[in-house]
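Every number in this text was worked out from the coordinates using simple rules, so none of it is lab data. Bear in mind the structure is a predicted one, so any value in this text is a computation, not a measurement. Quick reminder, even Gly has a Cβ in these numbers, built from the backbone with ideal geometry, and neighbours come from all protein chains shown.
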Amino acid sequence: MEKIYAKLFQAFGPQHWWPGETPFEVAVGAVLTQNTNWQNVEKAINNLKRARALDPIKIYRMSNERLAKLIKPSGYYNVKAKRLKAFMSFLVEEYGGDMERMQQEDTSLLREKLLSVKGVGEETADSILLYALGKPVFVIDAYTKRVLSRHKLLGADEPYSGCQEKFHNALGRNSKLYNEYHALFVRLGKYYCRPRPVCSECPLKADL
């Protein structure tokens, strides 16, 4: 795992991911990015900013209809409005809408609580934990699984927990490393390890 990281970092350099001005904005982005690209998420977040509604209490009190209209660029906006409202209910009712209070929660307990929020799956929960809160939890996404399965480092049907455990065991608990490593996988998956891969130019084309 360390050798892959070294190759990717040498090829791409630091990724400065996840974009967001505040932990709350990052968390909102983690919910909205499901089944869409980041450019669409940025449009939705900018709509919230222009409406002065990028605030946990304001979204918590907002109607689903208005929220759906504001986040429409993110796609599946009616579903995502419900999911975002569910996350706001959790944030406001458990932590008074304060991301710093949430950050102080034990990581394992907080992950369990996040997964109980309707519409928050493992990838979304871990994205919030790692990118918004700086918790040492590796995010497993389709890019990561695609890269590692193509290099025979895990089975294509490996469960999320099994993939994640490989990184935790190999790298120790290091949130900064996890942040950069996952972002590098995203870069690799977008431009090289695509469904129809560009293997000839891939930084990992040599034997690992």
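Overview of results
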quantity	calculated
Estimated [θ] at 222 nm from DSSP helical runs (n ≥ 4, -39500 (n - 2.57)) normalised by residues in the chain, nearest 500	-17500 deg cm²/dmol
Too-long pairs where the Cα-Cα distance tops 27 Å, listed order kept, from Lys80/Lys135; Lys49/Lys85; Lys7/Lys113; Lys72/Lys135; Lys43/Lys85; Lys72/Lys190	Lys7/Lys113; Lys72/Lys135
Partner aspartates and glutamates for Lys82 [C-alpha distance under 15 Å; skip if fewer than 8 residues away on the same chain]	Glu65
Computed E for Lys82/Lys176 - FRET, C-beta separation, R0 41 angstrom, nearest 0.05	0.75
Under the Karplus curve 6.51 cos²θ - 1.76 cosθ + 1.60, θ = phi - 60°, whole-Hz ³J(HN,Hα) for the stretch 177-192, x wherever Gly or Pro sits	5, 4, 4, 5, 4, 4, 4, 5, 4, 4, 4, 4, x, 6, 10, 10
Loop trypsin sites (Lys or Arg not before Pro), the stretch 127-172 (other Cβ atoms within 10 Å of the site Cβ: 15 or fewer; DSSP)	Lys152
Residue order, fewest to most surrounding Cβ atoms within 10 angstrom, among Val79, Val92	Val79, Val92
Between the stretch 74-142 and the stretch 1-50, the Cα center-to-center distance that results, in Å	15
Convex hull volume per residue for the stretch 93-134, taking Cα atoms only, in Å³	67
Unit charges on C-beta of K, R, D, E only; dipole of the stretch 6-146, Debye	680
Those trypsin sites (Lys or Arg not before Pro) in the stretch 25-59 that DSSP places in a loop and that have at most 13 other beta carbons within 10 Å	Arg52
